[in-house]
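The values are calculated or read from the model by the stated rules, or taken from the named source; none is laboratory data. Treat the numbers as computed from the prediction; the structure is a model and nothing was measured. Here Cβ is always computed from backbone atoms with ideal geometry, including for glycine, and neighbour counts include all displayed protein chains.
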């Protein structure tokens, strides 16, 4: 869905190719183009294939798969498009490492939409994508890419150091996704309720506090307070349905390893106790096990 | 189900009345009796009604409702059968307090079965019921009741102090029920697995440790180690389906307040931190909220 939003918009200001997993997806895109509806409304011509060799080498490859498909995506790019920079747009931490040896931009996005079909995506939440250079990648590239995204009609912002934003979103995501996955609640006002000793907002608050202690030990000054992000989101009344809860409903593998798992491993490395995130990590893994055959 | 197992067996050695909630249940029992199948097989005559005034005053009233229906049961007995002792057979802590002013026996049971209809219960797991005097109740009464239960064909054991057994079961129940309710797993080998840092058995172990610290602060020396109870049960290969998971599947209120909630409140009173049980308490309450209308 994020990949389609980028392709559908960027195709208006530059040449866009789409590397698909399925042949019929590539065929449909080549035949019909990619329709964007919602906040914008048009059809963008794109060139699509399932083999990178059939597509022209791009300047930038945007990798916006779920983390559970990241390794497969990296394997398909291996040996192709050697000069292309890669922009990773994933939840969690560590996606950049799958593209070692290339110039890499890290990105987190807050935009969202709904994928209606192989050739139709609806643009719903028009919030920003934040990006920054990873490793030796020059900051200029982040600025250039952010400017191109903005020119295409989406919102973006370049940061010299993305980690403060990335960590804010990591702590927010680790907390909200795991709590939603375990309770079955969308991101609703229960996540901010703290009156009764048994209110869920107290757990959410404590999870955020644990996450902040890890960020501090990692030397990261957070861009936004994840607790405030949480309260604001629940008060918007949108009852956002977190992607991990969608995965649980569909009995799909979740992104728990790359979100909460990544946070717990960072905490262990830094010697910061995170008993609550660790508990949620184990519970969501248990939940995944519940729909595995014995 | 527990109440039916008691009635179906005790009716063979003494006069048994059944106080029902529903008229058709009472009518069916009066007409057909109560069938026990499984480990035993016979039909027991019982006298049933929905109003205690229509039943002879018993020497002992066995209250084996779920904790979520305990207050309603106590309200229906109020003003009736003033000389009768009460035996409470509930998960959690504190059921005895609903019957202040009467002689009370505390009991925990490990037997189980399946309720097939209003007049048919299957006796499956023939494990013991443990009982002991509560407050000023004399121990002799516990011994007498245990002997009667044994004479009826069930297994029972009287304790001068039930708390060591009650707390062992409380810690076991608080841990296994909440973890099962949140993960969707029956009580299977995942609950004892501790190899990987994300393995669920590690959380189960830590939950049991928290519970033991509360018991210790309460001056209770546990009758059995809840971790060993857990490992034994998962190795029996029975994949027991905890009642709280059944409640979650059916979108019914769970016993979380009387099990984990009771443990968390005792811990608070005693000044013992129980962050993991508190987290599970809030998550299960959140899960209950997920099937409430807004």
- Query: Taking residue B:220, is it modelled with pLDDT of 95 or more, outside any helix (DSSP H, G or I) and buried (at least 17 other Cβ atoms within 10 Å of the Cβ)?
  - Reply: yes
- Query: With A:115, A:163 as the choices, which residue is within 16 Å of the chain's Cα centre (by Cα), closer than 23 Å to residue A:212 by Cα and modelled with pLDDT under 95?
  - Reply: A:163
- Message: So residue A:50 passes all but one of these: (1) in contact with a helix residue (DSSP H, G or I) (Cβ under 8 Å, 6 or more places away or on another chain); (2) under 22 Å from residue A:129 (Cα atoms). Which condition number does it fail?
- Response: (2)
- Can you name the number of the only condition in (1) under 24 Å from residue A:124 (Cα atoms); (2) modelled with pLDDT of 95 or more; (3) out of contact with any strand residue (DSSP E or B) (no Cβ under 8 Å at 6 or more places or on another chain) that residue A:65 fails? (2)
- Task: Only residues that are within 23 Å of the chain's Cα centre (by Cα) and in a loop (DSSP other than H, G, I, E, B): list them for the range A:185-200, please.
- Result: A:185, A:186, A:188
- Task: Within the range B:258-274, identify whether any single residue is farther than 17 Å from residue B:163 by Cα, more than 14 Å from chain A (Cβ to nearest Cβ) and either surrounded by fewer than 23 Cβ atoms within 10 Å (Cβ to Cβ) or under 19 Å from the mean Cα position of the chain (by Cα) (or both), and answer yes or no.
- Result: yes
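Inside the range A:43-68, can you point out the residues that are part of a helix (DSSP H, G or I) and surrounded by fewer than 14 Cβ atoms within 10 Å (Cβ to Cβ)?
Result: A:53, A:54.
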- Task: For the range A:100-115, name all the residues that are touching a residue at least 60 places away in the same chain (Cβ under 8 Å) and part of a strand (DSSP E or B).
- Result: A:106, A:108, A:109, A:112, A:113, A:114, A:115
- What is the one condition in (1) in contact (Cβ under 8 Å) with a residue 24 or more places away in the chain; (2) over 27 Å from residue B:256 (Cα atoms); (3) in a loop (DSSP other than H, G, I, E, B) that residue B:79 does not satisfy? (1)
- Checked against (1) more than 14 Å from every other protein chain (Cβ to nearest Cβ); (2) in a helix (DSSP H, G or I); (3) at pLDDT 95 or above, residue A:169 satisfies every condition except (3)
- Message: Condition check: farther than 21 Å from residue A:162 by Cβ, in contact with a helix residue (DSSP H, G or I) (Cβ under 9 Å, 6 or more places away or on another chain), surrounded by fewer than 21 Cβ atoms within 10 Å (Cβ to Cβ) and within 13 Å of another protein chain (Cβ to nearest Cβ). Does residue A:249 satisfy that?
- Response: no
- Query: With respect to the numbered conditions (1) touching a residue at least 12 places away in the same chain (Cβ under 8 Å); (2) under 24 Å from residue A:247 (Cα atoms), which one is the sole condition not fulfilled by residue A:69?
  - Reply: (1)
- Message: Given the criterion within 30 Å of residue A:286 (Cα to Cα) and at pLDDT 95 or above, identify the matching residue among B:85, B:174.
- Response: B:174
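Yes or no, residue by residue, for (1) closer than 30 Å to residue B:265 by Cβ; (2) assigned to a strand (DSSP E or B):
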{"residue": "B:4", "(1), (2)": "no, no"}
{"residue": "B:13", "(1), (2)": "no, no"}
{"residue": "B:24", "(1), (2)": "no, no"}
{"residue": "B:36", "(1), (2)": "no, yes"}
{"residue": "B:71", "(1), (2)": "yes, no"}
{"residue": "B:87", "(1), (2)": "yes, yes"}
- Every listed condition ((1) without any contact (Cβ under 8 Å) to a residue 60 or more places away in the chain; (2) within 16 Å of residue A:168 (Cα to Cα)) holds for residue A:262 save (1)
- Query: So is residue B:280 in contact with a helix residue (DSSP H, G or I) (Cβ under 8 Å, 6 or more places away or on another chain), within 14 Å of chain A (Cβ to nearest Cβ) and surrounded by fewer than 23 Cβ atoms within 10 Å (Cβ to Cβ) or not?
  - Reply: no
- Item | Evaluation of residue B:147 against (1) more than 30 Å from residue A:284 (Cβ to Cβ); (2) touching a residue at least 12 places away in the same chain (Cβ under 8 Å) (one fails), failing number | (2)
- Message: For the range B:147-158, check the following and say yes or no: at least one residue is closer than 30 Å to residue A:288 by Cα, in contact with a helix residue (DSSP H, G or I) (Cβ under 8 Å, 6 or more places away or on another chain) and not in a helix (DSSP H, G or I).
- Response: no
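Quick one: which residue in B:208, B:204 is more than 12 Å from chain A (Cβ to nearest Cβ) and more than 30 Å from residue B:138 (Cα to Cα)? Steps first, please.
Values: B:204 fails: more than 12 Å from chain A (Cβ to nearest Cβ).
One residue alone meets the criteria, B:208.
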- Message: Anything in the range A:285-294 that is at the interface with another protein chain (Cβ under 8 Å from one of its Cβ atoms) and modelled with pLDDT of 95 or more? List them, or say none.
- Response: A:285, A:286, A:287, A:289, A:290
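Just to verify a result, which residue in the range A:128-140, among those that are in contact with a strand residue (DSSP E or B) (Cβ under 8 Å, 6 or more places away or on another chain) and surrounded by fewer than 20 Cβ atoms within 10 Å (Cβ to Cβ), is nearest to residue A:208 (Cα to Cα)?
This residue is A:128.
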- Task: Give A:235, A:223, A:240 a once-over and let me know the one that is touching a strand residue (DSSP E or B) at 6+ places or on another chain (Cβ under 7 Å), more than 10 Å from every other protein chain (Cβ to nearest Cβ) and touching a residue at least 40 places away in the same chain (Cβ under 8 Å).
- Result: A:240
- Identify, from the list A:207, A:182, A:203, the residue that is more than 23 Å from the chain's Cα centre (by Cα), in a helix (DSSP H, G or I) and closer than 29 Å to residue A:250 by Cβ. A:203
- Tell me which of these residue A:92 doesn't satisfy, since it passes every other one: (1) closer than 17 Å to residue A:52 by Cβ; (2) not in a strand (DSSP E or B). (1)
